[in-house]
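Laboratory data are not the source of any read-out in this text; all were calculated from the coordinates shown. These numbers come from a predicted model, not from an experiment. Glycine gets a Cβ as well: all are built from the backbone with ideal geometry, and neighbour counts include every protein chain shown.
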Amino acid sequence: MEKYTLESDIHVLCVTATSFPEGVMAAYDKIHSIVPADGNRKIFGISRPEGGSAIIYKAAVEELSEGEAEKYHLEKFIISKGEYAGVIIKDFMKDLPAIGKTFREILHTQKVDPDGACIEWYFNPNDVQCMVRLEQ
């Protein structure tokens, strides 16, 4: 497990999955059909338990200019700057359950921000950085 520092907040545009994990791919399909493809846009997954034990999952892309959320009628979310604990998973499509396992490990071994979320940063087509903000 590594420590990562986000030097500034990342503003993202989101589509909430209708269910987890079943609705995750549909949420990505929807956001990619709305927001123009841009090789400069970071792609994220954001999840957290809400209302008890249910997981709320948001497919997200980086907001590149002010007002895009309103323009595309999408939710906004801010990935907060600060220190994160995380792991990079190589070739994640070969072992999708590794993402959940990694988050469970981080959540059980680190002092995490109680208001934070599990962040998946798809920084290239094959690899994902799983990270959770630590208590500041």
Of the residues Leu96, Leu13, Leu107, which exhibits the maximal mean-square fluctuation in a Gaussian network model of the chain defined by a 10 Å Cα contact cut-off?
Leu96
Ranked highest first by the average count of other Cβ atoms within 10 Å around their residues, in what order do 82-88, 59-65, 127-133 fall?
127-133, 59-65, 82-88
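Go ahead and estimate [θ] at 222 nm for the chain from helices alone: -39,500 (n - 2.57) per DSSP H run with n ≥ 4, summed, over the residue count, rounded to 500.
Result for the chain, helices only: -6000 deg cm²/dmol.
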Around Gln136, with a cut-off of 15 angstrom between Cβ atoms, what is the net charge of the other residues, counting Lys and Arg +1 and Asp and Glu -1?
-2
For the chain, radius of gyration divided by Kirkwood radius, i.e. Rg to Rh on alpha-carbons
0.94
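With respect to the cross-link table entries Lys30/Lys76; Lys30/Lys81; Lys3/Lys81; Lys3/Lys111; Lys30/Lys90; Lys3/Lys76, which display a Cα-Cα separation exceeding 20 Å? Could the numbers behind the result be given before it?
Details: Lys30/Lys76 15 Å; Lys30/Lys81 27 Å; Lys3/Lys81 13 Å; Lys3/Lys111 12 Å; Lys30/Lys90 25 Å; Lys3/Lys76 26 Å.
In this structure, Lys30/Lys81; Lys30/Lys90; Lys3/Lys76 exceed 20 Å between Cα atoms.
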How high is the relative contact order of segment 19-131, given as a whole-number percent (alpha carbon pairs under 8 Å, six or more residues apart)?
29
Compute the orientation-averaged projected area for segment 68-136 from the convex hull of its Cα atoms and round it to one decimal in nm².
5.7
So for Ile99, Ile34, fewest C-beta neighbours within 10 Å to most, what's the order?
Ile34, Ile99
Burial ranking of peptide ranges 2-9, 119-126 (average Cβ count within 10 Å, highest at the top)
119-126, 2-9
Roughly how tilted is helix 24-34, in degrees to the nearest 10 and between 0 and 90, from the longest Cα axis of the chain?
30
So, in nm, how far is label Lys76 from label Ser33 when the simple model puts each one 7 Å beyond its Cα toward the Cβ?
2.6
Working from Cα positions, state the angle (0 to 90°, nearest 10) between the long axis of helix 97-109 and the longest principal axis of the chain.
50
Roughly what would the spin-label model give for Glu22 and Asn124, points 7 Å off Cα along C-beta, in nm?
3.5
